[in-house]
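The structure appears below as structure tokens.
The values are calculated or read from the model by the stated rules, or taken from the named source; none is laboratory data. No experiment lies behind these values; they were computed from the predicted model shown. Heads up, the Cβs are rebuilt from the backbone with ideal geometry, glycines too, and the neighbour counts pull from every protein chain shown. Keep in mind that these areas ignore ligands, DNA and RNA; they rest on the heavy atoms of the full protein, side chains included. Shrake-Rupley method; radii C 1.70, N 1.55, O 1.52, S 1.80 Å.
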Amino acid sequence: MFHLRTCAAKLRPLTASQTVKTLSHSRPAAARTFGQVRCYAAPVAAEPFLSGTSSNYVEEMYYAWLENPKSVHKSWDIFFRNTNAGAPPGTAYQSPLPLSPGSLSAVARAQPLVGAQPSVDKLVEDHLAVQSLIRAYQIRGHHVAQLDPLGILDADLDSSVPADIISSTDKLGFYGLDESDLDKVFHLPTTTFIGGQESALPLREIIRRLEMAYCQHIGVEFMFINDLEQCQWIRQKFETPGIMQFTNEEKRTLLARLVRSTRFEEFLQRKWSSEKRFGLEGCEVLIPALKTIIDKSSENGVDYVIMGMPHRGRLNVLANVIRKELEQIFCQFDSKLEAADEGSGDVKYHLGMYHRRINRVTDRNITLSLVANPSHLEAADPVVMGKTKAEQFYCGDTEGKKVMSILLHGDAAFAGQGIVYETFHLSDLPSYTTHGTVHVVVNNQIGFTTDPRMARSSPYPTDVARVVNAPIFHVNSDDPEAVMYVCKVAAEWRSTFHKDVVVDLVCYRRNGHNEMDEPMFTQPLMYKQIRKQKPVLQKYAELLVSQGVVNQPEYEEEISKYDKICEEAFARSKDEKILHIKHWLDSPWPGFFTLDGQPRSMSCPSTGLTEDILTHIGNVASSVPVENFTIHGGLSRILKTRGELVKNRTVDWALAEYMAFGSLLKEGIHIRLSGQDVERGTFSHRHHVLHDQNVDKRTCIPMNHLWPNQAPYTVCNSSLSEYGVLGFELGFAMASPNALVLWEAQFGDFHNTAQCIIDQFICPGQAKWVRQNGIVLLLPHGMEGMGPEHSSARPERFLQMCNDDPDVLPDLKEANFDINQLYDCNWVVVNCSTPGNFFHVLRRQILLPFRKPLIIFTPKSLLRHPEARSSFDEMLPGTHFQRVIPEDGPAAQNPENVKRLLFCTGKVYYDLTRERKARDMVEQVAITRIEQLSPFPFDLLLQEVQKYPNAELAWCQEEHKNQGYYDYVKPRLRTTINRAKPVWYAGRDPAAAPATGNKKTHLTELQRLLDTAFDLDAFKNFS
């Protein structure tokens, strides 16, 4: 059957005789060439008798011949035999002999060209071989593509040519073919588009077209994608003859963009030759590449593009893509420029930008945002994704048709930084997908001073993208038209399939790592070649002049026009005396602040709620609001217990969180809770997503059934990632102040794998970039005998990074002292000991007139502790978050009799009260809880100390002395009391590990610290 279809197909309109004759007589046996050719060969003339109208007739004759060779004319019999034996139709065909008296004998003497018996097996084998050959080019053609503009390094770090790529005619033997087969015509499979309108081609032409498609200046990696439609789409984009054509207008636009990109860097080099700027020289084509992606995306309906990039080329992108005013960029180079805004600022090549303008190509509005980033390469990737997700969420863009992201990368960082992998793995998760990101790798084939052969184990720096089936388009950046075409295809891919795609711009770095660096120390041969390399602008201008697209005066006029723009902007920049960092804000919040960026008030309303609201939320939290929904029996008991708590006007930790969230949803505040296992909660206390026990994947989120017009609640288990997911949530929180975005660590110990996000973004973000952020970190913390990796959220690290001065007592009489403290701090650190206070701090996070990151050390054992309960009375209108919870027992009634005032925070309070009661010391020892550690509550603690004039002061913690809160609290307490008394320590001794792994040792240490806390003579020898 296969044989019949093949032969029949070969007899449809073909391109045979003239091509075959031309190829066989005029072309040598085809050595590979890599000339830059864009137009494929014109179609060959068809056989005279195989026109479209006669092909059906011929096919009928063929089927008749198959049944009985004698049923057709002898000449047709010979033709069909020759064709079946593999001869091209032009060779198989012999003109019929004239009908004359001697014609019958002449017909009898006519012989087939290739033997009488059809060689069916050979025919099938050859066609299969050709299909394998086509597939080989599709899979491995990129390995021999000419990608390095310097011509000295193979982009895949391998100089060998795959055995199945036909680099010389002797390689045909790999497929069972030889040089004599080059002029045979083969029917093309449906998995290639090299034929264009033709269904069969000579082997020589097949190889030539495959070379043109896959082995020139574009290398396409896509055959690992397991979706046929997507593979076919890519094949069509790169294999179709003549598809990569540009109009003269498009070429002129490309040239103008290259002029701006190149002359911008040259201008900076002339004016500030000794300044670091991390210029784009060697990959100037990046600017027109990005603009092409944006143009095509805008054409497809995108109106908001969020970008993230490293420092190289950032100023050029700000100037020529985002369209930041040039004078604002140039004045950044003035060393006398004063900073007027709050904060410490950042270097010019880290700053972000937000701009809305008309796209000149599509005449549509487009908003461009470039996210500020640190020098930690790739750290901004998940931040960009989170911000993109948020912008899509707020505008109802559920398919990513309006908002998209573009991420730029360096080759060394893309291969070397694990956050790239983490970010890719978020790309297709339901609660994290942004429906496709266009990744552009500026592959300058070096990482600072490190050769790529020492920097990665994979062939390409982009191989990480294969894990999510993202197509990868490698392109030689010295071929601007190839780059533009690839970028256009990338934008179309994202628009069509809403999946990630990678553009690998294989380029070079004309200078060192920065403009002051000498690259010849470590890469002498590369930089000798670079010194000789003609800039891409000059190359492309010469090409267009030779093609008559532009003339030399027009080109020079374009250069002088942009140079004039730069000079005029430079003159204006000298008038800029003050640096306004807020002009570089990447995520403005319209309407949230006053016009000059200040809070609308410096007060915070009560965070309490009416009893009706508390009861309603509690009733929903303890029920299943969906009919015919079967929950787990154990969960039924949990919900029943919740219901009883509500009847008793009491909340535990889970209910307090429920009520904080539910009330904010009522007020139109979107809430997003993300992290590992957050839907149920690590400790099985939350249960915000109910699962039907009888129907797979049927779930219910009661929180979304609270009110008719409530804001949506998103709760989502994340991938097993901290760095990537915390970065994502930080980006999500950047987009709007009117959302409560929380990330919960599975255990607080694990936040340190996201340390980069904490250290570079959350802690200093406002100081560096004038960018407020209200993200909440929930970090389970507590020494409970669970070992060194499940005990400590490392509070000492967060407290060490707080920006308040331990030695300066602020003005305690200042109006709204507590709110002003919050406004001035870089983040808020709390450790709540009651569910009610946890409820208040969550609500306060939104009711404040500004946004600060909130770090909450959350409990583990307190989730079910019978004493860790709060009454509704602590949550009613008029109540607030308590920064300090003072002693309210017998000791407070007779403060003069108190011998020791213990300060503590969090869970250890319950250990202390239990021990105090057991020792009957409730009148001698007072215990004050510091709920808000930073900003430090100087005012309230001064009142506490003054209340107990005869008491010695001690700080008690369950953490080791060199960890926890002691080093933060002690100097501030001493400042509070003007160093009038010592502050003693009761807690574990210093240690390298956060906790012991031995349960008995844990209990012994706990008892020892309790003994110290209640031994009134413990510090006698130290005084």
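Quick notes
- Counting only alpha carbon atoms, the long axis of helix 74-84 and the longest principal axis of the chain meet at about 30°.
- The label point for A64 and the one for M520, both projected 7 Å from the Cα toward the Cβ, are 8.2 nm apart.
- Taking a straight Cα-Cα cut-off under 20 Å and skipping sequence neighbours fewer than 8 places away in the same chain, the lysines within cross-link reach of K852 are K387, K582, K768.
- Accessible surface, the chain, averaged per residue in Å² (probe 1.4 Å): 40
- For segment 656-669, Karplus couplings with θ = phi - 60° (6.51, -1.76, 1.60), whole Hz, Gly/Pro x: 4, 4, 4, 6, 5, 5, x, 5, 5, 4, 4, 8, x, 8
- Excluding same-chain neighbours fewer than eight residues apart, the aspartates and glutamates reachable from K389 by a Cα-Cα span under 13 Å are D381, D397, E399, D428, E729.
- Residues F592 and E275, FRET efficiency given R0 of 25 Å [Cβ-Cβ distance, rounded to 0.05]: 0.10
- Positive contributions from Lys and Arg (+1) and negative ones from Asp and Glu (-1), summed over other residues with Cβ under 13 Å from the Cβ of L254, come out at 0.
- The modelled label-to-label distance for the pair S871/D563, using points 7 Å beyond Cα in the direction of Cβ, is 8.3 nm.
- Global geometry of segment 439-496, whether rounded, prolate or oblate, following the gyration tensor of its Cα atoms and the 1.5 cut on a/c: oblate
- All other residues whose Cβ lies under 10 angstrom from that of R1008 are scored, Lys and Arg at +1 and Asp and Glu at -1, for a net of -2.
- J(HN,Hα) series, segment 868-877, from Karplus relation 6.51 cos²θ - 1.76 cosθ + 1.60, nearest Hz, glycine and proline x: 7, 10, 10, 7, 3, 4, 7, 10, 7, x
- Other-chain or far-sequence residues with amide H under 5 Å of V829's (modelled H): I855, L933, S934
- Fraction of antiparallel bridges per DSSP, the chain only, in percent to nearest 5: 25
- The candidate values are [x] 142, 73, 51; [y] 126, 68, 63; [z] 174, 88, 66; the one derived from this structure for Cα extents along the principal axes in Å carries the label [x].
- Extension gain for S167-E627 works out to 158.8 nm (0.36 nm per residue, less the C-alpha to C-alpha distance).
- Rounded to the nearest whole Hz, the Karplus-based 3J(HN,Hα) values (6.51 cos²θ - 1.76 cosθ + 1.60, θ = phi - 60°) of segment 261-277 follow the sequence 4, 6, 6, 4, 5, 5, 5, 4, 5, 5, 7, 9, 5, 9, 9, 6, 9, with x at glycine and proline.
- If only the Cβ of Lys and Arg carry +1 and only the Cβ of Asp and Glu carry -1, the dipole of the chain around its Cα centre is close to 660 debye.
- Ligands, DNA and RNA left out, the 1.4 Å accessible surface of the chain is 51% carbon and sulfur atoms.
- Fully extended contour minus Cα-Cα distance, from N648 to D989, at 0.36 nm per residue: 118.5 nm
- A cut-off under 11 angstrom between Cβ atoms defines the neighbours of H143, and their net charge, with Lys, Arg +1 and Asp, Glu -1, is -4.
- Point-to-point label distance, H376-D612, nm (Cα→Cβ direction, 7 Å offset): 4.8
- Under-5 Å amide H pairs with L408, H placed in peptide plane, nonlocal only: G308, M309, V440
- Theoretical FRET efficiency, 1/(1+(r/R0)^6), r = Cβ-Cβ of Y823 and R572, R0 35 Å, to 0.05: 0.50
- Within the full protein context, the accessible area of E556 is estimated at about 100 Å² for a probe radius of 1.4 Å.
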